[in-house]
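Written out below as structure tokens is the structure these notes cover.
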Amino acid sequence: MRIIGFSWEYPRIGSPLTDLQYLVASLSSALKALGHEVIIITQGSSQTPDFDRVKVISVGLPIKDYPNVVSYGLSSSIQVVANMRYKVNGEFNKIVCFEWGGCIMGLLAKATQPCCLNAEVNCIALSTEYERGDPDSDIIGSSIASIEGWVFRQCDRVYGLKQRTVDDFKSRFNISADYVPAIDELARVITK
Amino acid sequence: MRVLHLSWEYPPHIVGGLGRHVYYITHELIRLGVKIDVATVGYEDTHVIDEGVNVHLIDAFKVRVPDFTSWVHSFNIFMMMDLSHISDVDAIHVHDWLTAPAGIVLKHRFKVPLIATIHATEYGRRGGLHSLESRHIHEWEWLLAYEAWKVIVCSSYMANEVKSVLGVPGDKIVMIPNGIDKALLSFKPKYDRSRYAYPWELLIVFYGRLVYEKGPDSVIRAFAKLLGRISNIKLIIIGDGPMREYLVNLANQLGLGSKVYFTGKVSDDELYSIIAHSNLVILPSRYEPFGISALEAMALGKPLIATNRGGPTDFIRHMENGVLINPDNPDEIAYYAEMLLKDEGLAHRLANEAKGTIMKGYTWDIIAKRTYELYKAIIEERTKVNW
């Protein structure tokens with residue numbers, strides 16, 4: 001199976017590891033270990049070294065200034081998809097995207113990139129904005145929660161790594177998500 | 001030939017002149033045999049045929065956003081997802097940065113030329129880049145110009161601006177002006193003159209957004225000076241904007257009282273009726289990429305005093321088909337206003353010449369033909385490129 005992943009972040013040499021970076025790298029390795037071809041698209045100006053035979057393509061962002069994190073998340077996702085066109089070949093069976101930014105990239109890729117037109121969109125969330133912040137009293141948080149709700153509803157399948165996240169999907173966004181806490185199991189479920 | 005236009009404005013959703021521009025150019029292009037799709041802002045995802053134009057209305061309010069730039073990007077994302085089923089497009093035509101993100105992605109999706117009309121720049125609108133938001137918009141404008149096969153501008157002033165501000169090479173820039181609806185050349189007022197002025201009053205008109213860049217304050221100051229020399233004059237200020245309260249106070253402070261009348265926003269029929277009944281139009285913009293309002297006054301056959309900055313200098317020749325003035329000099333405005341109001345022969349000659357200028361080169365059918373020729377040339381060039 002050919003799998004393409006989209007994420008804001010991927011581990012970089014010399015930088016502290018974030019939860020998202022760990023998730024993307026470990027799931028990519030698990031998918032690879034199951035015998036699948038995996039390419040990860042992420043944003044960044046310098047080339048990220050391939051890790052554990054997972055091909056990582058960093059796409060630079062021409063736009064440098066953003067008024068806020070929402071503008072950044074939306075705008076940078078568009079730029080990544082605009083610039084990935086000539087960096088990948090062939091068709092993919094599955095899109096695996098991480099958090100709302102990666103999911104926008106994945107959905108845009110499915111809508112606009114020939115390599116992804118027939119791929120199934122799988123979305124994986126570490127958490128929702130309701131776990132991270134207070135969308136009811138913060139305009140940025142409220143916006144992110146609203147975007148999360150819309151983005152995750154567009155995906156074919158949604159997975160949460162925590163029960164709380166899955167519960168939030170149901171109660172806040174009315175989305176049925178699968179609770180899959182273990183990375184190896186997640187890799188098997190996605191490719192089933 | 002099939003061309004996809006991306007525009008955040010299209011009737012009935014109109015904020016400024018961009019929506020009218022897209023409406024007229026697309027309808028004239030249809031008459032030339034071009035298949036046109038327009039993707040624009042709507043309140044639900046739907047598709048309508050507007051006199052031959054395929055209009056894709058995109059619900060641009062699916063998510064909450066904290067600011068304008070985020071809204072623009074969310075609209076572009078919805079637009080790209082909605083347009084994913086489109087095929088057989090020969091070119092994509094983007095109007096300003098507001099639809100640049102979708103235009104750039106779709107250009108690479110279809111491998112067709114991207115044409116960008118830059119109606120104004122953020123740098124020009126704001127007089128510099130003074131905020132993160134402005135810098136963000138400016139960078140998208142730069143990227144749009146960079147990705148475009150050709151950049152269309154409406155005036156030589158704008159050609160210089162995109163060269164200096166966005167670094168666009170000269171051979172990539174094509175100057176095609178805006179136009180006016182041919183019907184305006186034979187417009188008959190829908191309302192009586194008595195609705196706006198007494199028979200003995202000479203009517204001076206300003207219309208546009210009431211913002212500093214349009215120079216309405218200069219009109220009021222010039223009018224105050226003029227009133228000392230001609231008593232039977234009246235000024236009508238048409239339009240609305242953040243400067244309105246300031247302008248009302250200014251008129252009162254200058255003792256102009258009932259001599260200045262603020263109409264607020266009016267319908268097109270009423271606007272053109274007032275202009276048609278007027279004796280003089282004054283439009284002293286401080287920043288004017290093109291100046292479609294000036295074209296409208298000329299098409300209606302009215303003597304016009306316009307800014308000597310920006311677009312109007314392309315089509316107004318001083319004392320031949322209008323008068324060009326420094327918008328920051330009310331004395332100069334008053335001087336020429338007095339000249340035109342007192343010398344009917346001169347005013348008549350300038351107005352006639354102005355109407356001739358419009359008929360020769362500034363109606364939408366002529367503008368559309370030039371755009372069509374550009375499309376043809378670009379699509380032909382594309383066939384010779386290995387992409």
- Message: Charges on Cβ only, +1 for Lys and Arg, -1 for Asp and Glu, centred on the Cα centroid of chain B; of B:ILE275, B:ILE152, B:VAL89, which one is farthest towards the dipole's positive end?
- Response: B:ILE275
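Could you order the peptides A:135-142, A:96-103, B:325-332 from most to least packed, using the average number of other C-beta atoms within 10 Å per residue?
Numbers: A:135-142: 15.0, A:96-103: 27.0, B:325-332: 19.1.
Most protected by this proxy first, the peptides run A:96-103, B:325-332, A:135-142.
What dipole magnitude, in Debye to the nearest 20, does the range B:141-279 give about its Cα centre under +1 on Lys/Arg Cβ and -1 on Asp/Glu Cβ?
Working: 17 positive and 14 negative charges, 104 e Å.
Around 500 debye, computed over the range B:141-279.
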- Spread of Cα-to-Cα distances over 5 Å intervals beginning at zero, given as percent, for the range B:142-190: 5, 20, 24, 15, 8, 7, 8, 7, 5, 1
- Message: In whole Å, what are the extents of the range B:68-109 along the principal axes defined by its C-alpha atoms, from largest to smallest?
- Response: 32, 19, 13
- Item | Size of the range B:154-220 as Cα extents on the principal axes (Å, biggest first) | 54, 31, 16
- Compute the Kirkwood hydrodynamic radius of the range B:288-334, taking the inverse of the mean of 1/r over all pairs of distinct Cα atoms, and give it in Å to one decimal. 10.6 Å
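Which FRET efficiency, nearest 0.05, do B:MET175 and B:PHE262 yield, Cβ-Cβ r, R0 41 Å? Write out the running numbers ahead of the final one.
Numbers: r = 36 Å, r/R0 = 0.87.
It comes to 0.70.
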- Message: What number do you get for the protein assembly as shown when its Cα radius of gyration is normalised by 2.2 N^0.38 Å, N = residues?
- Response: 1.13
- Chains B and A: what accessible area do they bury, summed, in square angstrom to the nearest 100, with a 1.4 Å probe? 2800 Å²
- Which one of A:VAL158, A:VAL81, A:ASN68 is farthest out on the positive end of the charge dipole of chain A, using unit charges on Cβ (Lys, Arg +1; Asp, Glu -1) and the Cα centre as origin? A:VAL81
- Which three extents, in whole angstrom, do the alpha-carbon atoms of the range A:77-153 cover along their principal axes, largest first? 45, 21, 16
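Using a 10 Å cut-off around each Cβ of peptide B:101-111, what is the average number of partner chain Cβ atoms that fall inside? Before the final figure, lay out each step's value.
Working: counts 9, 4, 1, 6, 12, 3, 2, 8, 9, 1, 2.
The mean count of partner-chain Cβ atoms within 10 Å per residue comes to 5.
Assuming 0.36 nm per residue, please report the length gained on full extension of the stretch B:HIS47 to B:MET1 beyond their Cα-Cα distance.
Details: separation 46, 0.36 × 46 = 16.56 nm, distance 2.03 nm.
Working it through step by step, the gained length comes to 14.5 nm.
So how many Å³ per residue does the convex hull of the Cα atoms of chain B work out to? Intermediate results must be reported in sequence, preceding the final value.
Values: hull volume 54.7 nm³, N = 387.
Enclosed volume per residue, from the Cα hull, is 141 Å³.
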- Mean shadow of the range B:1-41, computed from the convex hull of its alpha carbons, in nm²? 2.5 nm²
- Mean-square fluctuation maximum in Gaussian network of chain B, Cα pairs under 10 Å, restricted to B:MET175, B:MET243, B:MET79, hits B:MET243
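In percent, what relative contact order does chain A have, based on Cα pairs under 8 Å that are 6 or more apart in sequence? Spell out each step's value before the answer.
On the way: 353 pairs, mean separation 37.9, N = 192.
Across chain A, relative contact order equals 20 percent.
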- Message: For chain B, take the longest principal axis of its alpha carbons; what is the angle in degrees between that and the long axis of helix B:244-253, to the nearest 10 within 0 to 90?
- Response: 10 degrees
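If each DSSP helix of 4+ residues adds -39,500 (n - 2.57) and the sum is divided by the residues in chain B, what number results at 222 nm, nearest 500 deg cm²/dmol?
Numbers: 14 runs with 168 residues, N = 387.
Computed ellipticity for chain B at 222 nm equals -13500 deg cm²/dmol.
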- With springs only between Cα atoms under 10 Å apart, run a GNM on chain B and tell me which of B:ASP50, B:ASP82, B:ASP314 wobbles the most. B:ASP50
- Quick one: Karplus J couplings for the range B:169-178, per residue in order, coefficients 6.51, -1.76, 1.60, θ = phi - 60°, nearest Hz, x for Gly and Pro? x, x, 6, 9, 9, 10, 9, 10, x, 6
- Item | Most mobile of B:TYR335, B:TYR272, B:TYR23 in a GNM of chain B (Cα contacts under 10 Å) | B:TYR335
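Antiparallel as a % of all DSSP beta bridges within chain B, to the nearest 5?
On the way: 7 of 52 bridges.
Beta bridges within chain B, antiparallel portion: roughly 15 percent.
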- Message: Projecting each Cα onto the charge dipole of the protein assembly as shown (Lys/Arg +1, Asp/Glu -1 at the beta carbon, about the Cα centre), which of A:SER58, B:TRP71, B:LEU185 comes out farthest on the positive side?
- Response: B:LEU185
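What is the dipole size for the protein assembly as shown, taken about its Cα centre, with +1 at each Lys and Arg Cβ and -1 at each Asp and Glu Cβ, in debye to the nearest 20?
Values: 61 positive and 66 negative charges, 194 e Å.
That gives the protein assembly as shown a dipole magnitude of about 940 debye.
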- Query: Which order do B:LYS302, B:LYS376 take by accessible area at a 1.4 Å probe, largest first?
  - Reply: B:LYS376, B:LYS302
- Can you pull the mean other chain C-beta count within 10 Å for peptide A:136-145? 3
- Message: Let me check I have the definition right: for the range B:35-126, take the eigenvalues of the Cα gyration tensor, multiply each by 5, take square roots. What are those semi-axes in whole Å, largest first?
- Response: 21, 18, 13
- For the range B:182-319, the Debye formula with one identical point scatterer on each Cα and no solvent gives log10 I(q)/I(0) at q = 0.09, 0.10, 0.14 Å⁻¹ as -0.24, -0.30, -0.61
- Task: Show the residues, 5+ positions off or on another chain, whose built amide H is closer than 5 Å to the amide H of B:ASN178.
- Result: none
- Message: Just to verify a number: what accessible area does B:THR117 come out at with the full protein assembly present, 1.4 Å probe, Å² rounded to tens?
- Response: 10 Å²
- With everything on Cα atoms, drop me the angle between helix B:17-31 and the longest principal axis of chain B, reported from 0 to 90° to the nearest 10. 60 degrees
- Query: With charges only on Cβ, +1 for K and R and -1 for D and E, what is the dipole size of chain A about its Cα centre, in debye, rounded to 20?
  - Reply: 640 debye
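Need one number for the range A:138-177: average projected area of the convex hull over its C-alpha atoms, nm². Working shown, then result.
Numbers: hull surface 11.0 nm².
Approximately 2.8 nm², given one-decimal rounding.
Going by accessible area, probe 1.4 Å, with all protein chains left in place, what is the ranking of B:ARG244, A:ARG2, largest first? Don't jump to the answer; show the numbers that get you there.
Values: B:ARG244 75, A:ARG2 55 Å².
The most accessible residue leads, giving B:ARG244, A:ARG2.
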- Task: Would you kindly calculate the mean projected area, averaged across all directions, of the convex hull enclosing the Cα atoms of chain A, in square nanometres?
- Result: 10.3 nm²
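The values are calculated or read from the model by the stated rules, or taken from the named source; none is laboratory data. Nothing here was measured: the structure is a model prediction, and the numbers come from that model. Note that we place each Cβ from the backbone using ideal geometry, even for glycine, and neighbour counts take in every protein chain shown. For accessibility, only protein heavy atoms count, side chains too; no ligands or nucleic acids. Shrake-Rupley method; radii C 1.70, N 1.55, O 1.52, S 1.80 Å.
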